[in-house]
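Read through the structure below, which is laid out as structure tokens, and then see the notes.
The values are calculated or read from the model by the stated rules, or taken from the named source; none is laboratory data. On a predicted model such as this, the values are computed, not experimentally measured, just so you know. Heads up, the Cβs are rebuilt from the backbone with ideal geometry, glycines too, and the neighbour counts pull from every protein chain shown. What goes into the accessible areas is simple: the full protein's heavy atoms, side chains included, and nothing from ligands, DNA or RNA. Shrake-Rupley method; radii C 1.70, N 1.55, O 1.52, S 1.80 Å.
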Amino acid sequence: MAIASRLRARGVLSRCESSNLRSLLWPFLNRGFSSSSIPFHLERVGFIGLGNMGFHMASNLITAGYKITVHDINYDALKKFSDKGIPTKETPCEVAESSDVIITMLPSSSNVLDVYTGQNGLLHCRSHLSPWLFIDSSTIDPQTSRILSTNISKCLLKEKKGFADNPLMLDAPVSGGVPAAEAGTLTFMVGGLEEAYLAAKPLFLSMGKQTIYCGSSGNGAAAKICNNLAMAVSMLGVSEAFVLGQHLGITASTLTKIFNSSSARCWSSDSYNPVPGVMEGVPSSRNYDGGFASKLMAKDLTLAMTSAGEIGLKCPLTSEARDIYMELCAKGYDSKDFSCVFRHFYSGYL
């Protein structure tokens with residue numbers, strides 16, 4: 001395997017580890033990613049975080065045939081799974097004890113740190129962990145992802161799994177929102193050891209349609225905050241243009257046709273239109289309920305600003321976008337979808 005050879009040449013993998021790696025990857029590289037033949041090292045999956053996104057992601061893994069154990073601090077979220085006969089656990093540590101792989105989908109860096117390193121957290125039994133792989137699909141800062149990855153790699157495995165002498169971590173945030181999570185069409189942006197990414201690919205493709213390897217640990221998280229930065233600025237620009245157009249006498253539906261057939265076309269206009277009544281099935285068509293909360297967008301823009309500050313980069317549009325979403329949250333629209341900026345910041349109308 002070319003990848004293993006390159007890593008062995010750089011001293012990352014020994015010859016023995018390289019051989020074990022080929023043994024691990026060989027079964028599914030030859031069979032493809034059929035859900036009817038789940039690789040042995042991925043059979044038991046612990047899923048933590050059953051909110052708007054995690055609920056659908058875990059459900060899709062169950063449909064694909066994985067043996068799932070779940071945990072959430074919300075009893076009602078757990079009950080949706082226990083009513084279907086899916087095992088639930090009271091703590092992250094208990095989930096880890098019965099899992100080969102752990103997937104976390106949580107709101108913030110502090111939540112992630114609590115689940116991993118807090119009392120009864122995933123790393124509570126760090127001297128003998130059962131999972132060989134931890135996948136965090138939360139949107140958090142790259143530095144936290146890198147620190148966690150380093151700490152996890154220093155732990156020991158209760159039982160060796162293929163090429164992994166120590167547990168590994170991938171940061172794998174997603175794009176596509178709740179509709180894509182439900183439809184199983186998410187895009188995963190993955191950072192970490194490439195061999196672990198390849199070994200976990202069947203899992204990703206049971207929850208999404210595309211995976212993009214971004215490089216070393218933390219790069220998936222970095223890609224995600226860059227994506228959300230662009231998404232926020234795009235939504236503000238589209239909303240601003242719609243409001244201006246309507247004040248100048250052009251209807252939102254007419255502007256939408258123009259945008260979507262010209263150079264202004266973007267996801268915020270053709271797939272997630274912020275104007276109520278223009279597009280069905282998006283948050284603007286249901287009073288901005290569901291979708292991606294404004295408080296989460298404010299959080300992600302803050303992550304982007306922090307990352308930019310660490311390297312001395314000026315990001316004026318990011319700063320302005322963050323201020324706008326922080327203002328929306330302060331006005332009580334924190335749980336509304338971030339496209340509500342059209343109505344509640346720009347005072348858009350039909």
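Relative to the longest principal axis of the Cα atoms of the chain, helix 142-153 runs at roughly 10 degrees. Label zone (THR117, point 7 Å along Cα-to-C-beta; backbone nitrogen cut-off 16 Å) within segment 199-230: 218. Each residue was assigned an accessible area with a 1.4 Å probe, and for LYS201 the value is about 50 Å².
With an 8 Å Cα cut-off and a minimum separation of 6 or more residues, compute the relative contact order for the chain in percent.
Numbers: 651 pairs, mean separation 44.0, N = 350.
The normalised contact order for the chain reaches 13 percent.
Taking every alpha-carbon pair within segment 222-271, the share separated by more than 17 Å comes to 35 percent.
Looking at the chain, what % of its DSSP beta bridges pair antiparallel, to the nearest 5? Could you put the intermediate results ahead of the total?
Working: 5 of 30 bridges.
Percent antiparallel among DSSP bridges in the chain is about 15.
Per residue, the Cα convex hull of the chain amounts to 152 Å³.
On the protein heavy atoms, probe 1.4 angstrom, tell me the percent of accessible surface of the chain carried by carbon and sulfur. Show your work: numbers first, answer last.
Values: 8350 of 15530 Å².
Its accessible area is 54 percent carbon and sulfur atoms.
At 1.4 Å probe radius, can you tell me the per residue accessible area of segment 70-113 in Å²? Here the residues of segment 70-113 average 50 Å² of exposed surface.
Rolling a 1.4 Å probe over the heavy atoms of the protein chains gives segment 192-251 an accessible area of 36 Å² per residue. Give the angle, between 0 and 90 degrees and rounded to the nearest 10, that separates the Cα long axis of helix 15-31 from the longest principal axis of the Cα atoms of the chain. Between the helix axis and the principal axis of the chain, the angle is about 60 degrees. In degrees from 0 to 90, rounded to the nearest 10, what is the angle of the helix 194-207 Cα long axis to the longest principal axis of the chain? Approximately 60 degrees, to the nearest ten. Relative contact order of segment 213-286, taken over Cα pairs closer than 8 Å and 6 or more residues apart, is 20 percent.
When the alpha-carbon atoms of segment 126-275 are used, the pair Rg, Dmax equals 20.1, 68 angstrom. Accessible area per residue for segment 262-311, computed on protein heavy atoms with a 1.4 Å probe, is 45 Å².
Taking Cα centre as origin and charging only the Cβ of basic (Lys, Arg, +1) and acidic (Asp, Glu, -1) residues, the dipole magnitude of the chain rounds to 820 debye.
Each 5 Å bin from 0 upward holds the following percent of the Cα-Cα pairs of segment 212-350: 2, 10, 19, 21, 19, 14, 9, 4, 1, 0, 0.
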